[in-house]
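Have a look at the structure below before the remarks.
The values are calculated or read from the model by the stated rules, or taken from the named source; none is laboratory data. All of these numbers come straight from a predicted model, not from anything done at the bench. Positions of Cβ are backbone-derived with ideal geometry, glycine not excepted, and every protein chain shown enters the neighbour counts. Each accessible area value is taken on the protein alone, full model and side chains, heavy atoms only, with ligands, DNA and RNA left out. Shrake-Rupley method; radii C 1.70, N 1.55, O 1.52, S 1.80 Å.
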Amino acid sequence: MKYEVVMGLETHAELNTVSKLFCGCSTKFGSEPNTQACPICLGLPGVLPVMNERAFEHSLKAAIALNCEIGRFASFDRKNYYYPDLPKNYQISQSYFNIGNNGYVDIVVKGKKKRIDIHNVHLEEEAGKLIHPEKSDDDYSLVDFNRAGVPLLEIVTEPDMRSIEEVESYMQILRNILLYIGVSDCKMQEGSLRFEASISLCEKGAKVYGNRVEIKNLNSMKAVLKVLAYEISRQGDLLDKGKEVLMETRLWDEVNAVSRRMRTKEEAHDYRYFPEPDLVPVWIDQKWIDETKKTIPELPVNKRQRFVKEYLISDYDAGVLTEDIFLADYFEACVKLARNSSKELSNWIINDVLRELNERKINIQEFTVTPKMLVELIKEKSTVGNAIAKEVFIEMVNTGKNAQSIINEKNLAQLSDVDELNTITANVIEKNPKAVEDYKRGKKNALAFLIGQTMKMTKGKANPKILTEILKEKITTGPK
Amino acid sequence: MLLHELTASKVRERITKREVTAQEVVEELLEWINLKEPLIKTYLCLDEDGALSKAKEIDEKLSNGNKVGLLAGVPIAIKDNMCTAGVKTTCASKILENFIPPYDAFVVKRIKDEDAIIIGKTNLDEFAMGSSTENSAFQITRNPWDIDCIPGGSSGGSAAAVSADMAFMALGSDTGGSVRQPASFCGDVGLKPTYGRVSRYGLIAFASSLDQIGPITKDVLDTALLLQVISGHDNFDSTCAALDVPNYISDIDRLDDVLKIGVPREFFGEGLNTEIKSALMDALKIYEANGAKLVDLSLPHCEYAVATYYIIATAEASSNLARYDGVRYGHRSRLSSDSNIVDMYSQTRAEGFGNEVKRRILLGNYALSTGYYEAYYLKASKVRNLIKNDFEDAFKKVDCIICPTCPTPAFKIGERVTEPLEMYLSDIYTIPANLAGIPGISIPCGFTSAGLPIGMQILGKYFDERKLLKMAKLFENETDFHLKRPKLNQQV
């Protein structure tokens with residue numbers, strides 16, 4: 001491509017506090033409209049906001065996890081604009097003294113690390129939700145204020161991303177960080193993680209970026225990637241034709257897969273930010289920062305690198321395991337119990353555990369098979385064999401029983417008793433003189449046939465290693 | 001003395017001593033209100049039934065020997081910008097003409113808890129924006145001392161009600177002088193507490209960083225009593241101080257130390273009515289005679305107070321009043337079928353707000369606009385700090401500051417309606433205290449030759465209301481200006 005692309009992202013993550021940012025209303029998702037609203041979040045005359053301490057702590061935690069500089073205090077400002085879902089017609093947000101500034105997130109694209117700078121991290125309140133009637137000739141709209149006042153963390157990057165892959169990696173890693181530190185559930189289907197993207201194109205090597213286009217209301221990572229791909233080609237086409245790309249705000253039309261103009265630069269809002277007089281600044285001392293730091297776990301990128309080094313698994317596998325902090329914890333708990341066999345555990349978790357979780361649509365915390373149970377099963381594998389171990393695993397998931405009791409109940413233990421195997425193999429040799437002759441004459445696969453016959457007689461339970469040894473010995477030394 | 005002529009403390013005493021029932025007090029008061037209201041027009045809403053049933057409740061408590069509150073049986077008037085659950089709260093604006101709040105303001109809850117009787121909601125300048133109460137969308141309130149004059153504003157209804165004995169005490173709100181200036185014009189005592197002394201929860205905001213609720217009463221003791229009830233921390237107001245409330249009533253008559261009183265030059269210069277100036281000089285002599293030392297001082301940045309105030313107050317107001325949009329409550333314009341949401345907003349607000357409110361919304365939005373924010377709002381915030389510093393420096397040298405409450409006595413109805421700037425200047429001596437956040441009290445200190453009350457203002461250190469009250473009480477003990485009532489109070 002002949003153009004260079006410059007992209008930035010604003011991420012809105014709803015914090016997972018029990019109550020709203022400035023009042024005691026519940027933040028539960030999916031309740032009957034307007035059942036979680038009070039005079040404060042409805043913006044009735046005379047009400048005042050009171051900061052939810054938990055929401056502030058969550059934001060501080062996020063700002064620290066995103067390597068931000070934390071000021072001596074954070075204060076709040078009013079962002080003034082009119083919209084029917086905004087009860088006060090201003091949003092309490094931050095503009096002058098954010099919780100965090102100048103942070104960064106390290107991403108990995110095609111195995112290469114890149115640093116994405118974070119311009120700021122700030123806390124603000126959610127708006128309500130407009131509900132439009134299904135028939136377009138109905139001349140009304142309704143507002144649901146259940147969401148109004150839910151704490152919302154906004155994370156703004158610098159225009160540092162140069163490819164769609166970088167944007168994708170940034171979004172995934174950011175989401176993982178937020179999940180890791182436990183401040184947001186990041187459920188895109190419930191709107192608790194949303195994005196706004198900005199993008200501009202310029203000639204390769206040009207000193208000045210092209211006009212910036214912003215795209216609002218992107219409700220999933222997929223939508224971000226699609227709209228950016230769309231914009232790269234739309235803006236590229238315009239530039240190819242010698243036309244100007246307008247500085248404007250656009251909306252993504254998911255159904256038709258196009259972006260549409262929302263407003264031009266001239267129509268842009270003047271938000272008339274000014275300090276929120278109803279709230280006092282929140283002072284942040286070093287002690288608070290230090291204590292918050294202690295609550296931040298090892299973050300996904302570091303954990304992934306450590307897994308590769310410490311457990312000798314592939315970078316890809318480490319990536320899968322560290323995508324969810326609880327899955328990573330599960331893996332580490334298993335490794336600890338088993339001492340070694342980390343590679344095998346990793347395979348089991350990625351292939352079998354994740355498959356069962358996906359099929360059942362549950363998360364690892366709800367999984368019936370504990371790390372101890374999984375490790376026990378893998379130990380049993382040497383006696384029951386791989387195929388039976390897989391069967392036992394499914395049974396464990398279904399019943400919650402441990403491997404040993406399933407093996408006993410179903411009599412699945414492997415036949416390793418040498419005396420018993422001697423008797424059975426003698427029988428097989430006697431019944432198949434031709435195969436024995438063939439093997440003696442050098443036909444190697446005749447042995448496989450004899451093993452198969454023995455397996456048939458033991459219903460697959462014979463220990464293949466011991467069985468093979470006995471057969472070889474018997475044929476070469478002849479009948480006793 | 002008729003019942004309605006008593007002070008709140010006196011009427012409470014008589015009720016709790018069972019010399020009179022709360023019901024009798026309310027009935028007598030209502031009779032008087034109904035007699036005078038057509039002339040003075042202080043109330044936007046009278047809650048006769050509510051008041052009577054609350055009175056019966058208190059009488060019952062007393063006859064059962066139960067404990068009663070600090071304001072037992074005292075009928076109180078509330079400025080109509082404080083929310084009263086179930087009772088209309090209009091801010092004297094068409095946009096809230098039919099608004100009934102579902103909750104009580106903090107101060108309303110406090111006075112109810114102390115067994116006060118809310119008699120009604122008083123008139124004000126629309127959204128407390130004005131200095132004469134002429135900006136009410138509903139009625140013009142008259143000054144009981146001269147019915148051709150305004151009562152001051154914006155708490156004009158509350159001040160006139162107390163002065164005309166139509167309420168035993170009242171609550172007002174003071175953003176730039178809206179308690180002290182009308183108290184001064186009506187011969188009442190009016191106090192603006194330190195910013196953060198009284199919760200603003202339920203006070204319909206005009207300018208959040210300046211608004212403070214305060215008492216308007218017939219004498220200093222009643223102000224102390226009402227302040228005692230409404231002060232203190234509230235978890236619903238982050239700007240409300242988490243400080244203990246001292247006892248304002250005990251020892252109110254005792255001043256131990258020799259006090260140093262600051263007399264700021266800038267408040268006695270050009271533009272001050274000569275009769276007011278000489279009343280103040282006489283008042284200062286009384287303090288001197290009681291052992292106080294007068295200290296000449298300067299508050300150099302107060303010159304810019306009015307300009308600063310009209311940037312900060314209007315900026316905050318433009319945002320505070322944005323919520324009145326017709327979407328959820330209050331007035332909504334009747335719209336034609338082809339109109340959209342923006343039409344709804346603009347028509348609703350065009351119809352719902354009066355001219356002064358619109359003027360201030362426009363000024364405020366302008367001051368906050370991109371490109372002007374630094375020149376106006378930010379600059380004003382810096383000047384505000386300088387004014388604050390002026391006072392902090394002064395209070396290193398003196399215990400309190402005495403100055404006139406207003407440069408002129410009450411002016412005629414209609415006189416300044418077309419001259420907004422002149423109207424704004426009537427708050428020139430009261431605004432600095434709001435910008436600095438310090439407390440100030442206005443007490444009667446004389447009368448003009450035309451018989452209009454003159455107010456003296458005492459300003460104090462942060463949270464030093466106790467000293468202000470003692471200073472005010474000392475003056476009251478030495479004089480009888482507070483005892484004089486308007487002529488019309490005798491006419492039945």
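Details
- Residue order for A:Ile215, B:Ile100, A:Ile164 - accessible surface, 1.4 angstrom probe, largest first: B:Ile100, A:Ile164, A:Ile215
- For the peptide A:267-279, the mean number of other protein chain Cβ atoms found within 10 angstrom of a residue's Cβ is 6.
- Pairs of Cα atoms nearer than 8 Å and 6+ residues apart set the relative contact order; for segment B:303-382 it is 45 percent.
- DSSP-defined antiparallel bridges as percent of all bridges, chain A, nearest 5: 90
- Three-way shape label, segment A:3-288, alpha-carbon gyration tensor, a/c 1.5: oblate
- Added length on full extension, which subtracts the Cα-Cα distance from 0.36 nm per residue, A:Glu53 to A:Lys390: 116.5 nm
- Counting only other chain Cβ atoms within 10 Å of each residue's Cβ, the peptide A:75-86 averages 3.
- Hull volume in cubic angstrom per residue (convex hull over the Cα atoms of segment B:350-416): 145
- Members of B:Lys112/B:Lys192; B:Lys192/B:Lys461; B:Lys277/B:Lys382 lying beyond 23 Å, as alpha-carbon distances in this model show: B:Lys277/B:Lys382
- Coarse-grained scattering of segment B:293-430 at q = 0.12, 0.21 Å⁻¹, given as base-10 log I(q)/I(0) from a Debye sum over alpha-carbon atoms: -0.68, -1.24
- Rg and Dmax of segment A:269-386, based on Cα coordinates, read 21.1, 73 Å.
- Quarter of Cα convex hull surface for the protein assembly as shown, i.e. mean projection, nm²: 56.2
- Within the protein assembly as shown: Cβ-based charge dipole about Cα centre, in debye rounded to nearest 20 (Lys, Arg +1; Asp, Glu -1): 3900
- The residues of segment A:3-288 expose, per residue, 45 Å² of accessible area to a 1.4 Å probe.
- Per-residue ³J(HN,Hα) for segment B:326-337, Karplus 6.51 cos²θ - 1.76 cosθ + 1.60, θ = phi - 60°, Hz, x for Gly and Pro: x, 7, 10, 7, x, 4, 10, 5, 6, 10, 6, 5
- Average partner coverage of A:44-56, which counts Cβ from other chains inside 10 Å: 6
- Centre separation in Å (Cα based) which lies between segment A:214-234 and segment A:384-433: 55
- When the pairs A:Lys440/A:Lys474; B:Lys79/B:Lys109; A:Lys444/A:Lys474; A:Lys444/A:Lys472; B:Lys10/B:Lys484; A:Lys361/A:Lys410 are compared against a 19 Å limit on Cα-Cα distance, A:Lys361/A:Lys410 fall above it.
- Solvent-accessible surface (1.4 angstrom probe) belonging to A:Lys401, in square angstrom, nearest 10: 80
- From helices alone, chain A scores -12500 deg cm²/dmol at 222 nm; the rule is -39500 (n - 2.57) for each run of n ≥ 4 DSSP H residues, then divide by the residue total.
- Cross-link reach is defined here as a Cα-Cα straight distance under 17 Å, omitting same-chain residues fewer than 8 places apart; for A:Lys456 the lysines meeting it are A:Lys431, A:Lys465.
- Put a plus charge on the Cβ of each Lys and Arg, a minus charge on the Cβ of each Asp and Glu, and nothing anywhere else: the dipole of segment B:7-119 about its Cα centre is then about 380 debye.
- Taking amide H positions as modeled 1.01 Å from N, with prolines and chain starts lacking one, the residues under 5 Å from A:Glu4 and 5 or more places away or on another chain are A:Cys202, A:Glu203, A:Lys204.
- Rolling a 1.4 Å probe over the protein heavy atoms of chain B, with every protein chain left in place, gives an accessible area that is 51 percent carbon and sulfur.
- Chain A, accessible surface, carbon-and-sulfur percent (1.4 angstrom probe): 52
- Per-residue extension of 0.36 nm, minus the Cα-Cα distance of A:Glu32 and A:Glu190, leaves a gain of 55.4 nm for this segment.
- For A:Gly149, the residues whose amide H sits under 5 Å from its own are A:Glu126, A:Ala127, ignoring neighbours fewer than 5 places away on the same chain, with H placed 1.01 Å from N.
- Förster-model FRET efficiency, 56 Å R0, A:Asp137 and A:Asn427, C-beta, rounded to 0.05: 0.05
- Each label point was placed 7 Å from the Cα along the Cα-to-Cβ direction; for A:Asp237 and A:Lys472 their separation is 6.9 nm.
- The string of couplings for segment A:383-395 from the Karplus curve (6.51, -1.76, 1.60, θ = phi - 60°) is 9, 9, x, 5, 4, 6, 4, 5, 4, 4, 4, 4, 4 Hz, one whole number per residue in order, with x for Gly and Pro.
- The listed residues A:Trp283, A:Trp348, A:Trp288, once ranked by accessible area (1.4 Å probe) with the largest placed first, stand as A:Trp283, A:Trp288, A:Trp348.
- Across segment B:358-470, Cα-Cα pairs more than 15 Å apart make up 73 percent of the total.
- A:Tyr82 accessible area, assembled protein chains, probe 1.4 Å, Å²: 70
- J(HN,Hα) series, segment A:42-48, from Karplus relation 6.51 cos²θ - 1.76 cosθ + 1.60, nearest Hz, glycine and proline x: 8, x, 5, x, x, 7, 9
- Near the amide H of B:Leu294, within less than 5 Å, lie the amide hydrogens of B:Ile261, all on another chain or at least 5 residues away, with H placed in the peptide plane.
- Lys, Arg +1 and Asp, Glu -1 on Cβ, resulting dipole of chain B about Cα centre, debye, nearest 20: 560
- Remark: accessible area buried at the B-A interface is about 2800 Å², both chains counted, probe radius 1.4 Å.
- Alpha-carbon spread of chain B, three principal axes, descending order, Å: 67, 55, 45
- Note on A:Thr370 and A:Ser341: with the Förster distance fixed at 25 Å, the Cβ-Cβ geometry gives a FRET efficiency of about 0.90.
- Interface residues, segment B:226-250 - accessible area loss of 50 Å² or more versus chain alone, probe 1.4 Å: B:Ser238
- Distance between the C-alpha centres of segment B:263-309 and segment A:320-363: 80 Å, rounded to the whole angstrom.
- Accessible-area order (highest first, 1.4 angstrom probe) of the listed residues B:Arg349, A:Arg54, A:Arg162, A:Arg260: A:Arg54, A:Arg260, A:Arg162, B:Arg349
- The label point for A:Thr458 and the one for A:Ser382, both projected 7 Å from the Cα toward the Cβ, are 1.7 nm apart.
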